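Reviewing the structure listed below.
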Amino acid sequence: MITAAASHLLPVFARADLSFESGEGAWLIGSDGGRYLDFTSGVAVNALGHCHPHLVAALQAQAAKLWHVSNLFKSPDGERLAARLCEQSFADFVFFANSGAEAVECAIKVMRRYHASKGHPERYRIVTFEGAFHGRTLAALAATGSAKYLEGYGPPMDGFDQVPLDDIEAVKKTIGPATAGILIEPLQGEGGVREPPHAFFRALRQLCDERGLLLAFDEVQTGMGRTGDLFAYKRIGVAPDVMSLAKALGGGFPIGACLATAEAASGMTPGSHGSTFGGNPLAVAVANAVLDVMLEPGFFERTRRMSLLLKQKLASVVDRHPDVLSEVRGEGLLIGLKAVVPSSDLVSALREEKLLTVGAGENVVRLLPPLIIGEAEIEESVRRLERACARLSDARAKKEAAQ
């Protein structure tokens with residue numbers, strides 16, 4: 001279902017032959033007239049679903065007042081958003097960007113600049129982990145370390161040492177006089193919905209404290225409620241020094257952020273970093289509206305209830321179709337189904353059932369419904385998954401019988 005129609009868009013995406021006219025909540029209306037249940041959420045972006053009325057009102061109100069003024073001037077609404085993020089987190093300072101990759105770039109610069117400001121510019125290397133995904137800029141790709149993303153772009157940017165996930169001894173062996181810090185996702189989304197035990201994060205925190213390193217969490221995908229808390233680090237019980245956010249922060253409007261403690265950010269002085277569009281009034285208005293909704297009493301408790309219900313029902317489907325599915329992974333509403341069949345086949349079969357999902361590493365299919373998902377929609381998603389699995393199971397049985 002991949003289109004080869006003429007297009008002037010750079011052909012870097014293998015797009016499905018499907019487009020949408022409108023959306024509401026967890027549903028999308030396709031240009032084919034079909035009604036699709038959206039368990040992709042723009043890859044964990046539309047956390048409050050499509051066209052949430054509070055977000056729409058905030059964007060419309062701001063659009064009638066002011067679109068852009070640049071960071072040459074004060075931003076009262078940006079100050080308010082930064083203060084709210086700091087109030088809800090470990091951080092003292094926030095830098096606003098346009099995307100997750102830019103937020104990660106800022107985190108990398110914060111870590112390197114911190115040591116340089118302390119008189120140790122030689123400390124610039126950052127420990128990262130196999131299976132990670134940190135973005136598409138050259139520095140973020142080097143931090144990711146995946147050969148398929150780096151191919152054709154020349155030598156990878158220096159300064160990143162990748163080790164196996166959940167191997168504290170490998171981390172210890174890798175740290176040297178040039179190490180500045182450690183960068184890790186609380187839960188790997190793109191890498192296959194993989195999560196190390198909490199004890200591993202505690203060990204990383206202790207290691208950073210003992211050796212004067214900064215610990216950075218990449219919460220571009222896990223942040224803003226995706227794992228059942230506003231930030232995933234709260235569930236783990238380990239606070240970082242630096243954190244990148246994006247995706248759900250704007251509920252669908254592009255915005256990223258890098259959060260840091262005052263100590264970690266001590267090297268970031270005027271002129272050391274910048275952005276033309278970062279903290280844009282439109283983006284800030286929508287992000288403040290996202291926080292309005294997420295900080296309402298009971299919001300995350302409800303998200304966790306829906307997560308438990310969905311995972312329980314998914315587990316029963318796995319039990320009934322062991323020739324198609326083998327495991328349910330994840331936290332909150334960042335859920336992975338480990339497939340026995342090729343994960344791309346499962347994604348396609350679910351799309352035919354008008355249930356939208358997204359693939360990940362380790363032959364996993366991610367389910368990323370909006371955080372406002374309800375019981376009826378969960379029931380419907382499971383029915384569609386059941387039908388897709390039954391068809392894949394029948395097709396596999398026929399293929400084996402024919403051999």
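A few notes on this one:
- Residues that are farther than 21 Å from GLU296 by Cα, out of contact with any Ser or Thr (no Cβ under 9 Å at 6 or more places or on another chain) and open to solvent by 10 Å² or more (accessible area, probe 1.4 Å) within the stretch 237-254 comprise just one, GLY237.
- Unique match (being of a type outside the set (Gly, Ala, Ser) and either over 23 Å from ASN46 (Cα atoms) or modelled with pLDDT under 95 (or both)) among LEU392, LEU334: LEU392
- One residue stands out in the stretch 66-87 among those that are in contact with a strand residue (DSSP E or B) (Cβ under 7 Å, 6 or more places away or on another chain) and aliphatic (A, V, I, L, M): the one that is surrounded by the fewest Cβ atoms within 10 Å (Cβ to Cβ), namely ALA82.
- The C-beta contact set for the stretch 253-268 (first residue within 11 Å of SER117 (Cβ to Cβ), second residue open to solvent by 20 Å² or more (accessible area, probe 1.4 Å) and part of a loop (DSSP other than H, G, I, E, B), distance under 6 angstrom, 6+ apart or interchain) comprises ALA264/ASP241.
- If you filter the stretch 17-37 down to residues that are in a strand (DSSP E or B) and among the hydroxyl-bearing types (Ser, Thr, Tyr), you find that the one that is farthest from GLU379 (Cα to Cα) is SER22.
- All positions within the stretch 141-166 that are under 24 Å from PHE200 (Cα atoms) and touching a strand residue (DSSP E or B) at 6+ places or on another chain (Cβ under 9 Å): ALA142, ALA143, THR144, GLY145, GLY159, PHE160, ASP161, GLN162, VAL163, PRO164, LEU165, ASP166
- Pairs, first open to solvent by 20 Å² or more (accessible area, probe 1.4 Å) in the stretch 44-65, second part of a helix (DSSP H, G or I) and among the hydroxyl-bearing types (Ser, Thr, Tyr), C-beta under 9 Å, six or more apart: HIS50/SER41
- Look at the stretch 208-237: where a residue is closer than 19 Å to CYS106 by Cβ, no partner that is at pLDDT below 95 and open to solvent by 20 Å² or more (accessible area, probe 1.4 Å) sits 6+ places away or on another chain with Cβ atoms under 6 Å.
- Candidate set: the stretch 72-102, residues that are outside any helix (DSSP H, G or I) and charged (D, E, K, R); chosen: the one nearest to LYS247 (Cα to Cα): ASP92
This table checks each residue for (1) open to solvent by 30 Å² or more (accessible area, probe 1.4 Å); (2) at pLDDT 95 or above; (3) closer than 24 Å to GLY271 by Cβ.
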position: ALA91; (1), (2), (3): no, yes, yes
position: ARG112; (1), (2), (3): yes, yes, yes
position: LYS118; (1), (2), (3): yes, yes, yes
position: LYS148; (1), (2), (3): yes, no, no
position: PRO156; (1), (2), (3): yes, no, no
position: GLN162; (1), (2), (3): yes, yes, no
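- Matching residues in the stretch 263-294 - criterion: being in a loop (DSSP other than H, G, I, E, B), crowded, with 20+ Cβ neighbours inside 10 Å and in contact with a strand residue (DSSP E or B) (Cβ under 7 Å, 6 or more places away or on another chain): GLY278, GLY279
The values are calculated or read from the model by the stated rules, or taken from the named source; none is laboratory data. Note that the structure is predicted; figures quoted are calculated from it, not measured. Because the Cβ atoms are built from the backbone with ideal geometry, glycine has one as well, and the counts that use them run over all protein chains shown. Side chains included, ligands, DNA and RNA excluded: accessible areas come from the protein's heavy atoms. Shrake-Rupley method; radii C 1.70, N 1.55, O 1.52, S 1.80 Å.
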